[in-house]
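Okay, structure first, notes after.
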Amino acid sequence: MSELQGGSKERSLRAWKQAKEYASQITSNIDIRKLFPLLLASLYWAEGSKSAFVFTNTDARMIKIFLMVLRDFFYIEEDRFQVLIRINESTSSRTCVAYWRDITNLPLKNIKTNINAKQNRTNAQHGICRITLKKGGNMLKLTQSLISAMVSRTEK
């Protein structure tokens, strides 16, 4: 094996280690809880609906953080969350419901599935998780206002 083989992998591993150390330094002195509203607004800005308080994603970590902020900072009650799992016909509905139920920590009565091959063209193993906040108009207004406030602060 030549000297160059494997060098790229080693550089990548070193870069990951440096990035993790730097991320740890950045976050170690921050009260993350104070940033929850901005975190929610940022997530929503990227993955939320503009007309109703609806957040859609396939990344379980993103879904967990989104729900955690709504529960722990804004004290949103469980009965206001409605989950729709969008899957295609080749995906197991039972498996997807069990997966998203575990991720969202919501009761089965809050979770529905939509099976539609034409509309749900995802390769995501557990489908697409769509969270709707019932009576979410005020939360939508607050979130959009947080986004606007962040943008205006960066334009100064």
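The values are calculated or read from the model by the stated rules, or taken from the named source; none is laboratory data. It should be emphasised that the depicted structure is a prediction, and the values quoted were computed from it without experimental measurement. As a convention, Cβ positions derive from the backbone with ideal geometry for all residues, glycine included, and neighbour counts pool all protein chains shown. Accessible surface areas use protein heavy atoms only, side chains included; no ligands, DNA or RNA. Shrake-Rupley method; radii C 1.70, N 1.55, O 1.52, S 1.80 Å.
For the condition surrounded by fewer than 17 Cβ atoms within 10 Å (Cβ to Cβ) and assigned to a loop (DSSP other than H, G, I, E, B), residue 123 qualifies. For residue 50, the conditions (1) surrounded by 13 or more Cβ atoms within 10 Å (Cβ to Cβ); (2) under 15 Å from residue 140 (Cα atoms) all hold with the exception of (1).
The set of residues in segment 15-40 being touching a residue at least 12 places away in the same chain (Cβ under 8 Å) and open to solvent by less than 80 Å² (accessible area, probe 1.4 Å) consists of 36, 37, 38, 39, 40. Under the condition of being out of contact with any Ser or Thr (no Cβ under 8 Å at 6 or more places or on another chain) and open to solvent by 40 Å² or more (accessible area, probe 1.4 Å), the residues counted in segment 76-97 number 9. Criterion applied to 100, 45 was being closer than 21 Å to residue 129 by Cα, open to solvent by 70 Å² or more (accessible area, probe 1.4 Å) and at pLDDT 90 or above, and the one residue passing it is 45.
Looking at segment 61-75 only, could you name the residues that are open to solvent by 20 Å² or more (accessible area, probe 1.4 Å) and either on the phi < 0 side of the Ramachandran plot or part of a helix (DSSP H, G or I) (or both)? Result: 61, 62, 64, 65, 68, 71, 72, 73, 74. Is at least one residue of segment 2-12 open to solvent by less than 70 Å² (accessible area, probe 1.4 Å), without any contact (Cβ under 8 Å) to a residue 24 or more places away in the chain and either in a helix (DSSP H, G or I) or of a type in the set (Val, Ile, Thr) (or both)? Checked against the condition, which is being open to solvent by less than 70 Å² (accessible area, probe 1.4 Å), without any contact (Cβ under 8 Å) to a residue 24 or more places away in the chain and either in a helix (DSSP H, G or I) or of a type in the set (Val, Ile, Thr) (or both), segment 2-12 yields at least one hit.
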